[in-house]
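Read-outs throughout are calculated quantities, based only on the coordinates presented, and are distinct from any laboratory measurement. Bear in mind the structure is a predicted one, so any value in this text is a computation, not a measurement. Note that each Cβ is placed from the backbone with ideal geometry, even for glycine, and that neighbours are counted across all protein chains shown.
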Amino acid sequence: MSRVNRRTFGKLVLGAGAVAPVYFSKNAWAQDKTITIGIWGGSQGEFIKKNVIPAFQADFGCTVLAEEGATLSNVSKMRATQSNPKYSVMFVDDVVVSLCKAEGLTEQLPREKMPALAEVFPQYIYDDYYGTGLGISMASLFHNKAITPPASYADLWKPEWAGKIKLVSPRNTPAMLFLIVAAAVKTGKPFQDAQYLIGDAFDKVAELKPNVQNLYDSGVQAANEVAQGQADVGLIEYSKYIYPYTEKGAPIDLGFPSEGTFAGTNCQVLVKNGPEQDLAAAFMNRMLEPAVQKPLSEYALMAPPVNGVELSDTALKYVAYPESEMARRNLFTPDWAFINQHRADWTERFNQIFSA
């Protein structure tokens, strides 16, 4: 009997020119399966389409179809397809994770299928594992580097800022952060307490109107206009819209008033009853692995929500990382479940002030 060594075994199995059967593949169970995911638009979405998805497809022998959208449009897509789910994974902001859970649009993450969850910082696991963070931006005021930013948000109500401020539109989530600021300035209470007093702070919002040049919808456009000197200050916006310009040498930067800094977190959720949930869990796990988190964080200048990522010195200039740095900056995440209950009413009151 001839001896069968490793090389001979390979020839017996494969034969001349044969292709290895899928059961020899590391992720054979995923071969030829397809999932559809909702991702962000813009540069972050482009990074995921060009760098993350192709590598995942190659590793799993699957197909990942990606549709770009913003948080509210992604929530609308889940609602519209709830009776016959089309999507498997959705990227949304932390603002709506609890809302999606309450509406039955999402389900709890399968921890046994997502080992990377063990390295996620506890504060970025949402609603008992109904979502995880993917990247953390800081949210604060931004300013042209030619001016000295105010030491306190309260300073922006002073007459010397008349006509020099761009204020975020109430259509955008950071407008809710501004309302927390207004309540904090009025009451002298920290953000944690002030967020529950917004309803009584619209007189303070109205007092800022003479200092507001205009409302803006696009954080990118507002950043460009402040960099060009069309206004001195903008508020409030996420660092992911500001720091890419700062890093390229534009005369714009974030300011950090004494009242504190907000955290804005991009998240991922698992769609309830979505197709191919094992593959969906594998993709969500991949998004949390250091091999993805490092380049994504350095590209988007957002902090990873996980331990063990070694960021470049350039990235560390712009993000709050590691966890000790997040704690030092005392990044504040609002009670979005409470705020979402009142958002429609507050948006209407905001609009009434600035449309008058």
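Treating cross-link reach as a plain straight distance, find the lysines whose alpha-carbon is under 24 Å from the alpha-carbon of Lys86, omitting any fewer than eight places away in the same chain.
Lys33, Lys49, Lys50, Lys77, Lys101, Lys113, Lys272
Compute the helix-to-body angle for 336-355: its Cα long axis versus the longest principal axis of the chain, expressed 0 to 90° and rounded to tens.
40
To the nearest 20 Debye, how big is the dipole of the chain about its Cα centre, given +1 on the beta carbon of each Lys and Arg and -1 on that of each Asp and Glu?
On the way: 33 positive and 37 negative charges, 230 e Å.
Roughly 1100 debye, rounded to the nearest 20.
Can you classify region 284-349 as rounded, prolate or oblate using the Cα gyration tensor, where a ≥ b ≥ c are the square roots of its eigenvalues, rounded means a/c under 1.5, and otherwise it's prolate if a/b beats b/c and oblate if not?
Prolate, because a/c is 1.5 or more and a/b exceeds b/c.
Net charge near Ala280, counting Lys/Arg +1 and Asp/Glu -1 over other residues with Cβ under 13 Å of its Cβ? Intermediate results must be reported in sequence, preceding the final value.
Working: positive: Lys33, Lys86, Lys113, Lys272, Arg286; negative: Glu107, Glu276, Asp278.
Local charge sum for Ala280: +2.
Length gain on complete extension for the stretch Asn214 to Asn84, per 0.36 nm per residue less the alpha carbon to alpha carbon distance?
On the way: separation 130, 0.36 × 130 = 46.80 nm, distance 4.28 nm.
Gain on extension, Asn214 to Asn84, equals 42.5 nm.
Starting from 0.36 nm per residue, how many nanometres of slack lie between Ala151 and Glu207 once their C-alpha separation is accounted for?
On the way: separation 56, 0.36 × 56 = 20.16 nm, distance 1.92 nm.
Full extension of this stretch gives 18.2 nm more.
For region 124-243, what class follows from the C-alpha gyration tensor (a ≥ b ≥ c being the square roots of its eigenvalues): rounded when a/c is under 1.5, otherwise prolate if a/b is larger than b/c, else oblate?
Working: a/c = 1.99, a/b = 1.21, b/c = 1.65.
Verdict is oblate for region 124-243.
Which value in nm describes the separation of the simple spin-label points at Glu46 and Thr34, placed 7 Å from the Cα toward the beta carbon?
The two pseudo-label positions are separated by 2.7 nm.
Which distance in nm do the two modelled labels at Ala58 and Ser76 give, with both placed 7 Å along the Cα-to-Cβ direction?
Inter-label distance under the simple model: 3.6 nm.
Report the gain in length on full extension from Asn340 to Lys189: 0.36 nm times residue separation, minus Cα-Cα distance, nm rounded to one decimal. Walk me through the numbers before you get to the answer.
Numbers: separation 151, 0.36 × 151 = 54.36 nm, distance 2.10 nm.
In short, 52.3 nm is gained.
Spin-label point model (7 Å from Cα, Cβ direction): what's the Ala356 to Glu276 distance in nm?
5.5
Using alpha-carbon positions, what is the distance between the centroids of region 321-353 and region 282-317, in Å?
Taking the Cα centre of each part, region 321-353 and region 282-317 sit 24 Å apart.
Write out the GluC sites (Glu not before Pro) in region 255-356 meeting two conditions: DSSP loop, and at most 13 other Cβ atoms within 10 Å of their Cβ.
Details: sites: Glu259, Glu276, Glu298, Glu310, Glu323, Glu325, Glu348; in loops: Glu259, Glu276, Glu310.
The qualifying sites are Glu310.
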